[in-house]
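Here the structure is laid out as structure tokens; the discussion comes afterwards.
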Amino acid sequence: MEYQTAISALRDCLHHAKHAVFFGGAGVSTGSGIPDFRGSGKREEPVEYLLSRTCLREEPERFFVHYRRRMVFTDAEPNAAHLALAELEKRGILKAVITQNIDGLHQKAGSRRVLELHGNGLRWYCDRCGALYPEAVKGEGIPRCTKPSCQGVIRPDIVLYGEGLNSRVFDQAADEVAAADLLLVGGTSLVVHPAASLLEYFAGKHLFLINLQPTPYDARAERVYRESLTELLPLLV
């Protein structure tokens, strides 16, 4: 009974909010079969190197081998959490989704106002001339620009280690958080910066956290839910 009361309280606050925003991380997409990009198991090099600007520049073959094996999930489909968030936006309840994920599943589920802090792995571009390649580059080896005069490396449009966030996207996300009277945070450890620092912009009334593990911001939340997003979010629709 206590659990149902807690869900009802969150649903009531959400449906009465004037500017509700969702901020999510890897935990939103695990229900779609996409693991945390850090994954598990031992590797010769840490992911912080394998997904870095340095690795792409100095060992591009190694970069793309790792990226294709660990970061490409073209067959993944939106799960119940993605669909619930899209429905809340459709109903005018949710004003924006801010995500640390690069899988594009929020858009695939139907969300329209999506701010991708770390880019989108489905978009690719030439690192030399900037030519856009909207579909994920498949195959093996180092993908090259098709322009004869260029032949630069085609890379995923994501933020690598050693690179800064897109300032325009971050500023838009900060504006959304600052304008929110309700901030719903889910599936993120809130330890990756500068993304986690977005919570410092929140001055609204209701902060709710949904995460299986503790976060540095639990004490600030009105309530913390140790629940699966795929199970909890549909209850809010």
Review point. For the chain, modelled as a GNM with alpha-carbon contacts under 10 angstrom, which of Ala131, Ala84, Ala26 fluctuates the most?
Key: Ala131
Revision key, fill the gap. GNM on the chain, Cα springs under 10 Å; top mean-square fluctuation among Lys205, Lys147, Lys18 goes to Lys147
Practice item. For Glu45 and Glu231, compute 0.36 nm times the residue count separating them, minus their Cα-Cα distance, and round to one decimal in nm. Key: 63.4 nm
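From the gyration tensor of the Cα coordinates in the stretch 21-105, what semi-axes in whole Å does the equivalent ellipsoid have, largest first, with each one equal to sqrt(5λ)?
Semi-axes (√(5λ), whole Å): 31, 13, 11.
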Practice item. Would you please give the FRET efficiency between Arg220 and Leu165, computed as 1/(1 + (r/R0)^6) with r the Cβ-Cβ distance and R0 = 30 Å, to the nearest 0.05? Key: 0.85
Review point. With springs only between Cα atoms under 10 Å, which of Gly121, Gly31, Gly162 fluctuates most in a Gaussian network model of the chain?
Key: Gly162
Point to revise | For the chain, size of Cβ-based charge dipole, Lys and Arg +1, Asp and Glu -1, in debye | key: 460 debye
Point to revise | Considering only the chain, percent of DSSP beta bridges that pair antiparallel, nearest 5 | key: 25 percent
Study note, to complete from the structure: Helix-only [θ] at 222 nm, the chain, -39500 (n - 2.57) per DSSP H run of 4+, per residue, nearest 500, equals -8000 deg cm²/dmol
Study note, to complete from the structure: Measure of exposure for Cys13: accessible area at 1.4 Å probe, Å² rounded to 10, is 30 Å²
Exercise for review: Please work out how much accessible surface His15 shows to a 1.4 Å probe, ignoring ligands, DNA and RNA, in Å² rounded to 10.
Suggested key: 80 Å²
Check your understanding: Which parts of the stretch 156-170 would a label at Glu58 reach, counting a residue when its backbone N lies under 16 Å from a point 7 Å out along Cα-to-Cβ?
Key -> 161-163
Exercise for review: Using only C-alpha positions, report the orientation-averaged shadow area of the convex hull of the chain, nm², one decimal.
Suggested key: 13.3 nm²
Practice item. Grab every C-alpha pair in the stretch 128-172, bin the distances at 10 angstrom width from 0 up to the longest one, and report whole percents. Key: 23, 43, 28, 6
Revision key, fill the gap. Quick calc, Cys129 & Arg69: beta-carbon distance into FRET formula, R0 25 Å, rounding 0.05, result 0.35
Review point. Looking at the stretch 85-133, which trypsin sites (Lys or Arg not before Pro) are in a loop (DSSP not H, G, I, E or B) and have at most 10 other Cβ atoms within 10 Å?
Key: Arg91
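What FRET efficiency do you get for Ala178 and Lys138 if R0 is 35 Å and r is their Cβ-Cβ distance, rounded to the nearest 0.05?
Numbers: r = 40 Å, r/R0 = 1.15.
Given R0 = 35 Å and the Cβ-Cβ separation, E is 0.30.
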Revision key, fill the gap. With all protein chains in place and a 1.4 Å probe, Cys129 shows an accessible area in Å² (nearest 10) of 60 Å²
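The values are calculated or read from the model by the stated rules, or taken from the named source; none is laboratory data. Worth saying up front: this structure is predicted, and the values here are computed from it rather than measured. Positions of Cβ are generated from backbone atoms using ideal geometry, with glycine treated the same way; all protein chains shown enter the neighbour counts. Surface accessibility is based on the protein's heavy atoms, side chains included, excluding ligands, DNA and RNA. Shrake-Rupley method; radii C 1.70, N 1.55, O 1.52, S 1.80 Å.
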